[in-house]
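**Q** One structure coming up, written as structure tokens, with questions to follow.
The values are calculated or read from the model by the stated rules, or taken from the named source; none is laboratory data. Because the structure is a prediction, the values reported are computed rather than measured. Cβ placement follows ideal geometry from the backbone for every residue including glycine, while neighbour counts extend to all protein chains displayed.
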């Protein structure tokens, strides 16, 4: 998978209409760390849970969550793998197509813009069309496997 680039200076601000009416998008805080990382591990992978833990270790955290009826429906992080990197992002299977993923993407990218970044890199982008459509991301040529080339994994 290739990396993608987002021009944050071209990104429109997130508005209430971008957030599904039954969701709340918020920046996660430290007391939620264990619950969020457990949810991410259970629904996605240990690797993503590790990245999420890193994002949650910053003050303020660099992790946003989508909450519906008091439960986590999705998450998005930045600066978890490298500075200027967006991701990982994930939405529960049940909530995919609800608009929660788009809301998390826009909330997180707009926070990166507010933090002073001009660009965001989406590392090892999976749903390329989702990123192209929702934030104008473009594939970075010759970026595969990028920083993930020599990733050590438990076997």
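**Q** Checking residue 144 against (1) surrounded by 13 or more Cβ atoms within 10 Å (Cβ to Cβ); (2) at pLDDT below 95; (3) closer than 22 Å to residue 49 by Cβ, which single condition isn't satisfied?
**A** (3)
For every residue, the table says whether it meets (1) in a helix (DSSP H, G or I); (2) within 14 Å of the chain's Cα centre (by Cα); (3) loosely packed, with under 13 Cβ neighbours inside 10 Å.
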{"residue": "9", "(1), (2), (3)": "yes, no, yes"}
{"residue": "12", "(1), (2), (3)": "no, no, yes"}
{"residue": "25", "(1), (2), (3)": "no, yes, no"}
{"residue": "33", "(1), (2), (3)": "yes, no, no"}
{"residue": "37", "(1), (2), (3)": "yes, yes, no"}
{"residue": "47", "(1), (2), (3)": "yes, yes, no"}
{"residue": "50", "(1), (2), (3)": "yes, yes, no"}
{"residue": "54", "(1), (2), (3)": "yes, yes, no"}
{"residue": "61", "(1), (2), (3)": "no, yes, no"}
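Residue-wise test of (1) touching a helix residue (DSSP H, G or I) at 6+ places or on another chain (Cβ under 6 Å); (2) surrounded by fewer than 21 Cβ atoms within 10 Å (Cβ to Cβ); (3) farther than 24 Å from residue 10 by Cα.
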| residue | (1), (2), (3) |
| --- | --- |
| 80 | yes, no, no |
| 93 | no, yes, yes |
| 117 | yes, yes, no |
| 129 | no, yes, no |
| 132 | no, yes, no |
| 136 | no, yes, no |
| 149 | no, yes, yes |
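**Q** Which of the residues that make up the stretch 100-139 are more than 20 Å from residue 56 (Cβ to Cβ), under 14 Å from the mean Cα position of the chain (by Cα), assigned to a loop (DSSP other than H, G, I, E, B) and touching a residue at least 24 places away in the same chain (Cβ under 8 Å)?
**A** 124, 125, 126, 137
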